[in-house]
Amino acid sequence: MQPTIVLVGAGIANASPQSLSAALEGCTTVVCRTLRHPGLSEAIAEIVEPGVPILSCDDLYDGATDFDELYPKIADRIVSLAKMTDDTRLAYVVPGSPAIGERSVQLLLKEPGITIEIGAGLGLIDYAALKLHWDPIDGLKIVDAIDLLDQLPTDSETLLVLQCFDPMIAREITAKVEERHGHVQMLHHLGQADEKVVDVVETSAELDLCDHLTSLFITNLTPLYGDLSSLIDVVHRLRVECPWDAEQTHRSLARHLLEEAHEVVQAIDDLELTDVVTATEEPTLVAHLEEELGDLLLQVLMHAEIASEVEDFDLASIARTLQTKLVRRHPHVFADVDVDSAEQVVANWETIKAEERRNSTRSQVPEALPAALRLQKSYRKLTGLGLTPEELIARIDASSTTDQSATNFALAALTALTQEIDLEETLRRAARLLEELIPG
């Protein structure tokens with residue numbers, strides 16, 4: 001026999017006494033996540049059998065510095081109380097639904113050696129659906145307000161945003177939704193005497209009321225990359241209706257890809273390598289970089305469209321492959337690897353790439369790279385294998401049978417690499433200086 005935790009949703013308002021009483025029947029201890037929700041302590045006290053202690057975790061709220069610290073402490077307390085005896089039957093009462101937005105419950109569900117039962121109660125989702133005349137089966141993503149501060153979802157999901165306890169947070173989220181032409185409703189104190197369900201914009205005075213009993217309901221978000229979908233449609237139409245685009249192949253587009261990549265680099269040079277960029281010039285240079293990046297993106301879309309026509313791959317599979325690679329090569333972000341510096345990130349990256357290449361027949365250094373960049377990549381790979389810069393220079397000097405002046409230049413280039421000079425960037429800067437001396 002093992003202890004039992006009964007998860008009870010006390011509801012956000014006027015939960016059925018009969019359902020709560022049935023859920024709490026036989027429990028030897030009742031622990032409420034908080035007793036500070038309106039009417040909760042009174043409702044529980046009326047239902048709990050005489051002599052059964054009613055505890056809360058409000059003291060943990062008072063002592064915690066953030067929610068990441070708080071919820072594990074709540075779960076630990078519940079587990080400790082439940083394991084006091086093998087026949088303990090403990091009721092853990094949350095104000096809304098134990099299945100929605102309750103991180104402490106998710107932690108309890110992972111705890112071994114404890115039986116979990118689900119109690120009763122009308123939760124926030126149920127109540128909100130009735131108030132909004134909206135069926136959750138049509139799709140819903142439930143998120144914490146803090147998690148939306150960085151970025152809204154990229155698609156047009158319907159969102160129920162919990163924990164909108166601060167007016168500034170609610171306004172910031174609402175402003176982001178307005179940028180995406182979405183619709184926001186504020187759900188405030190549902191089920192209470194001062195209940196409000198109102199449409200809001202960033203400047204709405206109602207948002208000043210936001211507290212721990214406030215949520216936002218967000219619909220009709222314009223997909224973040226909707227313009228990209230339209231562009232994909234344009235490229236598809238070009239392949240069908242434009243004679244020039246229709247006859248292109250991966251090979252015929254290769255030189256255009258190189259040209260567009262170089263034009264992007266040129267646009268970056270114009271923006272960042274110019275000694276003085278005036279306030280009036282900078283927007284023009286930024287717009288030029290944006291345009292050149294668009295031309296480069298077109299090359300990717302064209303190659304994806306060509307490949308999709310013969311079912312080799314498509315833009316979606318390119319994105320999936322890239323996402324998988326980025327996650328795999330950033331274990332310090334997506335896994336449990338610790339790094340202290342950018343140098344460690346690069347070292348891990350090269351180690352992972354080396355592992356990937358064991359089953360690959362591709363050349364380690366692409367031959368199509370510009371000479372300086374090709375030299376630099378080869379140098380980095382060899383030093384990454386443990387060869388010192390001095391050993392590399394000595395080997396080149398000893399094995400060279402070519403013209404000595406060419407060898408001397410190569411050795412000078414290698415020496416520059418040992419000083420962590422970016423050869424490609426340095427040579428482009430030198431070329432730029434020479435070009436400025438050309439008359440006319």
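Please name whichever of PRO243, PHE67, LEU81 sits farthest to the positive end of the charge dipole of the chain, dipole taken about the Cα centre and charges placed at Cβ: Lys and Arg +1, Asp and Glu -1. Farthest along the dipole direction, towards plus: LEU81.
Cross-link reach is defined here as a Cα-Cα straight distance under 21 Å, omitting same-chain residues fewer than 8 places apart; for LYS377 the lysines meeting it are LYS325, LYS353. Using a cut-off of 30 Å between alpha-carbon atoms, which lysines can reach LYS131, once sequence neighbours fewer than 8 places away in the same chain are excluded? Reachable lysines: LYS141, LYS176, LYS196. Between THR154 and TRP244, the modelled label-to-label distance comes to 3.1 nm, taking each label 7 Å out from Cα in the direction of the beta carbon.
Which residue, THR28, THR203, THR426, tops the fluctuation ranking in a GNM of the chain built on C-alpha contacts under 10 Å? Comparing THR28, THR203, THR426 in a Gaussian network model of the chain, the most mobile one is THR426. Add +1 for every Lys or Arg and -1 for every Asp or Glu among the other residues with Cβ under 11 Å from the Cβ of THR158, and state the total. Result for the local shell: -3. Which is the longest part of the chain that has none of the trypsin sites (Lys or Arg not before Pro) sitting in a DSSP loop with at most 16 other Cβ atoms within 10 Å? My reading of the result: 111-357 is the longest stretch.
With the charge dipole of the chain set up from +1 on Lys and Arg Cβ and -1 on Asp and Glu Cβ about the Cα centre, the Cα lying farthest toward the positive end among the listed residues PRO439, GLY226, VAL31 is that of VAL31. Ordering HIS183, CYS164, THR214 by the projection of their Cα atoms onto the charge dipole of the range 126-219, which places +1 on the Cβ of Lys and Arg and -1 on the Cβ of Asp and Glu, puts HIS183 at the extreme positive end.
Sparse packing (at most 12 other Cβ atoms within 10 Å of the Cβ) combined with a DSSP loop state is found for the following GluC sites (Glu not before Pro) in the range 242-322: GLU247, GLU311. Take every Cα pair under 8 Å whose residues are at least 6 apart in sequence, average their separation, divide by the length of the chain, and the relative contact order is 11 percent.
Simple point charges give the picture: +1 on the Cβ of Lys and Arg, -1 on the Cβ of Asp and Glu, and for the range 4-122 a dipole about the Cα centre of about 160 debye.
Once you have the Kirkwood Rh of the range 226-327 from its Cα pairs, apply Stokes-Einstein at 37 °C and 0.692 mPa s and quote D in µm²/s.
213
The share of C-alpha pairs in the range 4-122 whose separation exceeds 20 Å stands at 35 percent.
Here's the list of lysines a cross-link from LYS83 could span, going by alpha-carbon distance under 20 Å and ignoring same-chain residues fewer than 8 apart: LYS73, LYS110. Modelled spin-label separation between GLU435 and LYS377, with each label point placed 7 Å from Cα along the Cα-to-Cβ direction: 2.3 nm.
Where only DSSP H runs of four or more residues are counted, the chain gives -16500 deg cm²/dmol as its mean residue ellipticity at 222 nm, each run worth -39500 (n - 2.57). In this calculation the C-beta distance from ARG237 to ASP138 is compared with R0 = 25 Å, giving a FRET efficiency of 0.15. Charge dipole of the chain (Cα centre as origin; +1 on each Lys and Arg Cβ, -1 on each Asp and Glu Cβ, all else neutral): 1500 debye, rounded to the nearest 20.
Taking the Cα centre of the range 126-219 as origin and assigning +1 to Lys and Arg Cβ atoms and -1 to Asp and Glu Cβ atoms, the resulting dipole is close to 100 debye. Starting from one equal scatterer on each C-alpha and no solvent at all, send me the Debye-based log10 I(q)/I(0) for the chain at q = 0.07, 0.08, 0.09, 0.14 Å⁻¹, two decimals. Cα-only, vacuum Debye calculation for the chain: -0.63, -0.76, -0.88, -1.33.
Here, each number is a calculation from the coordinates, and none is a lab measurement. Source: prediction; values computed, not measured. Cβ atoms come from the backbone with ideal geometry, glycine included; neighbour counts cover every protein chain shown.
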